[in-house]
């Protein structure tokens with residue numbers, strides 16, 4: 001049973017749902033950027049590298065955050081004793097190594113450059129940037145949006161994914177700020193100077209809401225530039241409404257707000273799939 005619990009704990013460290021979701025976003029980037037058929041090897045390599053690197057980043061974040069998680073998330077694998085800190089660290093290093101192998105073996109230079117930048121960001125995030133007001137949030141926002149850039153770069157066509165990157169980064173930045181409001185007790189206990197601690201919860205929430213408004217206002221751009229047609233609008237507008245409501249909800253319930261915002265962000269990503277599929281039909 002101890003071995004089973006340890007394996008389960010290692011898998012939990014990767015936050016598998018989030019890791020697989022990141023891989024899906026990379027696929028969306030490739031699909032949106034593809035003019036015709038998708039080249040199998042680079043797309044599979046990009047998706048696999050994204051899943052592995054995201055899982056590694058989540059694991060190493062849990063390693064560095066183990067004391068904070070004793071307050072904010074005591075059921076995480078390291079605080080509850082399912083995985084030792086050392087095992088979590090080595091597991092993360094192994095996942096990073098596998099991601100590097102896929103990137104170097106299967107992807108073109110621009111994708112390799114994005115991967116190197118992202119790997120450095122993942123490794124240094126918790127120790128160097130997470131506690132800096134707004135900086136850690138912005139880094140996570142970049143990483144979230146860059147999955148689309150990475151997918152486009154994997155097939156050598158990054159331009160169609162730039163708008164998607166910007167919209168994803170704005171909404172991710174809003175969600176990260178709301179999450180910091182949710183985690184303010186544990187962050188304050190650890191002496192971190194997150195944005196809500198530095199400027200106050202209310203001001204931080206207003207900033208998050210502003211980001212969502214900008215993202216919603218910018219979301220029709222692919223339609224206005226005639227990149228996508230009406231099918232894209234039909235899906236993206238409900239996504240905008242969900243995200244705007246999540247921002248409003250976050251003022252009174254940050255936990256529910258950031259959770260619902262995630263659903264809106266995923267629906268927005270689906271809008272790009274629908275938009276590209278409609279142009280290929």
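Nothing in this text is a laboratory measurement; each read-out follows from the coordinates by a stated rule. On a predicted model such as this, the values are computed, not experimentally measured, just so you know. Positions of Cβ are backbone-derived with ideal geometry, glycine not excepted, and every protein chain shown enters the neighbour counts.
Key figures for this structure:
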| quantity | calculated |
| --- | --- |
| Segments classed as helices (runs of 4 or more DSSP H), wholly inside region 132-212, with at least 3 members that are within 24 Å of residue 269 (Cβ to Cβ) | 135-154, 162-182 |
| Extreme residue, farthest from the chain's Cα centre (by Cα), among residues of region 118-156 that are without any contact (Cβ under 8 Å) to a residue 24 or more places away in the chain and over 18 Å from residue 14 (Cβ atoms) | 128 |
| Restricting region 1-51 to residues that are in contact with a helix residue (DSSP H, G or I) (Cβ under 6 Å, 6 or more places away or on another chain) and within 15 Å of residue 77 (Cβ to Cβ), the residue that is surrounded by the most Cβ atoms within 10 Å (Cβ to Cβ) | 13 |
| Residue in region 177-192 that is within 18 Å of the chain's Cα centre (by Cα) and closer than 26 Å to residue 228 by Cα present | no |
